[in-house]
Amino acid sequence: MKKDNLNFLVCCANGAGSSLMMKMTLQKVLTKVGIKPGRIHHCALSEGKSAASQFDIVFCAQNFTNMFKEAEKKGTKVIGLRNIMSAAEIEQKMKEIGLI
């Protein structure tokens, strides 16, 4: 999997506080591991579900991953997190998919 210029989507229920915090945590992890993203967008699940196939990787709470099955069929990697604020978990999940 290519590592730079990937487009990331982070989603939470309402697209306000949690997704913004998750976006900032993801940015820190990407900087730490030396990946330069194309873009990182945060939004509500309702927007994310329809936009997900335009992104390479989607991060969301673990219980929402089933909402992105159509995007997965089109090649988008969907990563569910138990703790959406955990930099360690984000980094571990990125290792699991071979991104780092």
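Readers should treat all values here as calculations from the given coordinates under stated rules, not as data from a laboratory. Treat the numbers as computed from the prediction; the structure is a model and nothing was measured. Please note: Cβ atoms are built from the backbone with ideal geometry, for glycine as well, and neighbour counts cover all protein chains shown.
Overview of values
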read-out: Long-range lysine pairs (8 or more apart or interchain), the chain, Cα under 12 Å; value: 7
read-out: Calculated FRET efficiency for the pair residue 72/residue 14, C-beta based, R₀ 25 Å, to 0.05; value: 0.60
read-out: About the Cα centre, charge dipole magnitude for segment 7-96 (Lys/Arg +1, Asp/Glu -1 at Cβ), debye; value: 160
read-out: Contour minus Cα-Cα distance for residue 3 and residue 46 (0.36 nm per residue); value: 12.7 nm
read-out: ³J(HN,Hα), Karplus 6.51/-1.76/1.60, whole Hz, each residue of segment 55-67, x for Gly, Pro; value: 10, 7, 9, 10, 10, 7, 5, 3, 6, 10, 4, 5, 6
read-out: Fully extended contour minus Cα-Cα distance, from residue 32 to residue 83, at 0.36 nm per residue; value: 16.5 nm
